[in-house]
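Notes follow once the structure below has been shown.
The values are calculated or read from the model by the stated rules, or taken from the named source; none is laboratory data. Fair warning: this is a prediction, and the values are worked out from it, not measured in the lab. Note that each Cβ is placed from the backbone with ideal geometry, even for glycine, and that neighbours are counted across all protein chains shown.
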Amino acid sequence: MHTPLIKFPLYLAILTVSNQLLAEEQSPTDTQLDKQVITATRTVEGLASLPYTVQIIGQDEIAQQATPGQELGSILGQLVPSLGAGDNSVSNYYQSLRGRGVLVLIDGVAQRSNRGVSRQLSTISPSSIERIEVISGATAIYGAGATGGVINLITKKASEDGLNFHTEIGMTTSTEDLDSDNHTYTLVQDIAGKFDKFDFLAGISLEQRGNYVDSNGDQIATDPNQLARDNTDTLDLILNAGYQISDTSKIRAGIQYFDEEMDTDSAADFGTPSQAYLGLPQGVIGKAGDYKPQPIDGLDLNQQPATNRQSFTVDFSEENFFGQSLIAQASYRKQDLYFYPYLGAPLYIQTDWNNAASLLGQGASTSEALFGSSTAGSTITQSRIETTTLDFKIALDSQFDIAGKKLGLTYGFDYIQDTGNQTSTEYNYNEYLASGQTTLNETGTVVDAGPETDTTTQAAFLQAQFAPIDALTLRAGIRYEMIRAEVDDYVSGDDVLNAAFYNSQLEDPTLQALAGQNGMTPNQFLEYVTGIEATALQGIGADRYIKYSDTVATREGGKKTFDDTLFNVGAVYDIDQTQQVYLSFGQGFSVPDITRLLRNVSIFTDNADAKPVLESKNIDAIKTNSWDLGWRGQFDSIEVSAATFFNSSDKSIYFNPTTGEAELLNQEEEIWGFEGLINAYLTDTINTGATYSYTRGKTRGDEGGWVSLPAERVAPQKITAHLGYQMPGIFNMRLQALHLSDYKEANREGNSATMVPFVGYTTFDLLTSFELLKGRLAVSIRNLANKEYQHLYNQVRGYPSTGVSSDLPAQGRTLSMNYSIDY
């Protein structure tokens, strides 16, 4: 049970704040075509000149959505049309942008690493963000990884002269169970100063989340897969400081420390042991009928799941560097990530050899004796990922006059050094099972979960912009990128764990005696017995996991280089002063997670031939081509945009839902869709708006035909809508809806056991705020109708890759209160 981080009595504090209201003028025209963005071309430019689908989310909109406990992925899923909906987890893996991966930046620094862990949107608190810029569509301007687009999170900076403070305190509770164990508490404190040439902002955000509760008032079980953010403690510290060196030059430094760790007494539920599975938890092999995971009290785990990120960034700008503008940036980032201990392959048959010998002596058949004396066993391991990234970028911007027309050139160089490794700590499986899945004691064995990988990226780029006439802006660019990957020698963790178990069996004197009676060596006899058992377990699909080996091989590491030249071109045409059309083509480039691809390499996948590890799997870069045709306009009090898109790639990553292995396939992928957005201010007090996105995709199947991509790749059709009412300076209200449609295309065309259909849902939120004599009070209700549903991830991954453990409901209705004040 949590000890509240925030001991101040929140109920009393919020309800006794003065209800005297003050007026504050609000403008209904927050979105203009000339808003400035900094992500699309590496320089500061107006939205009106960009041939991309661009969305800017301001601080007021972020603050309105950022109720206590609400994570950034869900906020963006509500506001960005073509981004998948959030799921209140630490991972944004299932949030594709136009069916592809998204590159997340913080203050222009790419948060990617050579370990593709999708926690970028959960390693910064919404309270630390001043503005969000979203560019949809493949782009190589920021390097590898942006095959679906870019999300740039811009942190808060000092904006007003003198010393200023901002304080927030808030709480969220389930309306279905008001117990304090289900509360979330938030405390935010910012201090900002601006004095002559120097400015700074220091901020701290503390958040403590309790249990998540479903629409029936029941606690939601711990999620060991994506890791929901229930029962976590979060600390986010930021420090931004800038100094104006001269009229044309400035230096800025930023530090962030983010730490989040689960603190729960509830163990994850993989299913109760089942006789049909020889004593394995029901969810290890496949989904167990209508079994629903339950919270299991009494978790004993020293290292609970955690995310720790430390970063330091320095920016230098000079507006007159030999007649050019110069921007240079250096950054260092370190991450340390822990996951929940996880059951997985290899599986074993644990045999009581004395009992087997007794049954054989009584005339039982070999099969009867073995299965009458055996139970299934598994491994349970906890993954840890450590990454270190050094990033340096430099860009110069030049302006030339050609016959009275301006030609802009932006060019520069990027250098990134990235190191990543993953290990797995083994826990005692028998103790874990005997305790009812609650006790996790380390065995002392730590194995590699893929080889350690170092990557060095070097890239040079050139972007040009030219306006031949006032109404037309042309843009084109080229980028050459080279990524060198160096992989260490690798000893497969599967091999180590498999050999350790079977070598312990070989030492059993009764097994040795039985082997002699059958004219075999202990190794031959155990391999023979394992084969019998695996064959007998074909009916439940366990045979693929149960294989005999007492061998541990070292696979030689190596080096591999990936490089490509990438192009982009686009045009923006002003129909008139209120609307534009644009067309663009861009190429993206990504290198898959090498460590992840090689994790499951073992003596079995190599067919006993331990070749160099880089030769064990298909490893290559993926190139994406993206086309974007759009229209946008600002008509008095109406903002509207629409775009159609198409992207294709020559390869695809496939995650086997049965074995959990990742593979790079030389199969084409094509994704297409449409997105639109409208915001309208009907009167001075009433506003409304909606977004729409439709994405579909297909890939080449094994037999050459096209097969639809599953829902985890191409987000289901999404519609959002809102209706707002504001009394300037007094009251603000927003009623919003999010609808996801059913998605069954992949289920119709693929294996119904692995291509699970997605069942859509609709949720409503009510967000309100009141301007007080001092400060602001926000009261919000999420899932207003208390809808019972499951997030996309919990539906499509619930069977059979992770068994019952991910088959979890979404949160029911919650009530949030948040008080903030600037002084």
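Of the residues examined, Thr410 is not one that is surrounded by fewer than 19 Cβ atoms within 10 Å (Cβ to Cβ) and either at pLDDT below 90 or outside any loop (DSSP other than H, G, I, E, B) (or both). Within segment 529-549, the only residue that satisfies the criterion of being modelled with pLDDT of 75 or more, surrounded by fewer than 15 Cβ atoms within 10 Å (Cβ to Cβ) and farther than 20 Å from Ala357 by Cα is Thr535. Scan Glu168, Glu176 and give me the residue that is of a type in the set (Asp, Glu), at pLDDT 95 or above, surrounded by 21 or more Cβ atoms within 10 Å (Cβ to Cβ) and more than 18 Å from Val80 (Cβ to Cβ). After applying the criteria, what remains is Glu168. One residue stands out in segment 45-81 among those that are among the β-branched types (Val, Ile, Thr) and touching a Ser or Thr at 6+ places or on another chain (Cβ under 9 Å): the one that is surrounded by the fewest Cβ atoms within 10 Å (Cβ to Cβ), namely Ile56.
Against the definition (assigned to a strand (DSSP E or B), under 25 Å from Arg100 (Cβ atoms), at pLDDT 90 or above and touching a strand residue (DSSP E or B) at 6+ places or on another chain (Cβ under 9 Å)), how does Ile719 come out, yes or no? Yes: the conditions hold for Ile719. Under the condition of being surrounded by 22 or more Cβ atoms within 10 Å (Cβ to Cβ) and of a type in the set (Gly, Ala, Ser), the residues counted in segment 450-476 number 2.
Considering only segment 86-94, I want to know if a residue exists there that is closer than 25 Å to Arg632 by Cα, free of Cβ contacts under 8 Å to residues at least 60 places away in the same chain and not basic (Lys, Arg). The answer is no, given that none of the residues of segment 86-94 is closer than 25 Å to Arg632 by Cα, free of Cβ contacts under 8 Å to residues at least 60 places away in the same chain and not basic (Lys, Arg). Among the residues of segment 676-706, the ones that are buried (at least 19 other Cβ atoms within 10 Å of the Cβ) and either more than 24 Å from Leu629 (Cα to Cα) or of a type in the set (Lys, Arg) (or both) come to 3 in all.
Just one of the listed residues (Thr222, Thr232, Thr248) is touching a Lys or Arg at 6+ places or on another chain (Cβ under 8 Å) and of a type in the set (Val, Ile, Thr), namely Thr232. When we screen Glu442, Glu481, Glu431, Glu426 for residues that are charged (D, E, K, R) and within 30 Å of Asp609 (Cα to Cα), the only hit is Glu426.
Among residues of segment 207-238 being of a type in the set (Val, Ile, Thr) and under 20 Å from Asn786 (Cα atoms), the one that is farthest from the chain's Cα centre (by Cα) is Val213. When segment 616-634 is filtered for residues that are closer than 17 Å to Asp650 by Cβ and among the polar types (S, T, N, Q), the ones remaining, listed by number, are Asn618, Thr624, Asn625, Ser626. When restricted to residues that are part of a loop (DSSP other than H, G, I, E, B) and surrounded by fewer than 23 Cβ atoms within 10 Å (Cβ to Cβ), segment 601-644 contains 18.
Reported count of residues in segment 436-455, each being under 30 Å from Ser274 (Cβ atoms) and touching a Gly at 6+ places or on another chain (Cβ under 6 Å), is 3.
Does any residue of segment 512-527 turn out to be crowded, with 17+ Cβ neighbours inside 10 Å, under 30 Å from Pro281 (Cα atoms) and within 32 Å of the chain's Cα centre (by Cα)? No, there is no match, as no residue in segment 512-527 is crowded, with 17+ Cβ neighbours inside 10 Å, under 30 Å from Pro281 (Cα atoms) and within 32 Å of the chain's Cα centre (by Cα).
Per the conditions (1) within 25 Å of Lys651 (Cβ to Cβ); (2) polar (S, T, N, Q); (3) in a helix (DSSP H, G or I); (4) free of Cβ contacts under 8 Å to residues at least 24 places away in the same chain, the sole criterion not satisfied by Thr535 is (1). In a residue-by-residue description of segment 358-365, the property of being touching a helix residue (DSSP H, G or I) at 6+ places or on another chain (Cβ under 7 Å), farther than 30 Å from Gln512 by Cα and in contact (Cβ under 8 Å) with a residue 40 or more places away in the chain applies to no position.
The condition (being among the small types (Gly, Ala, Ser), closer than 23 Å to Val90 by Cβ and either modelled with pLDDT of 75 or more or touching a helix residue (DSSP H, G or I) at 6+ places or on another chain (Cβ under 7 Å) (or both)) is satisfied by just one residue among Ser249, Ser266: Ser266.
Within segment 567-588, residues that are in contact (Cβ under 8 Å) with a residue 12 or more places away in the chain reach partners that are among the acidic types (Asp, Glu) and surrounded by 14 or more Cβ atoms within 10 Å (Cβ to Cβ) with beta carbons closer than 7 Å, at six or more positions or on different chains, in the pairs Gln580/Asp574; Ser584/Asp628.
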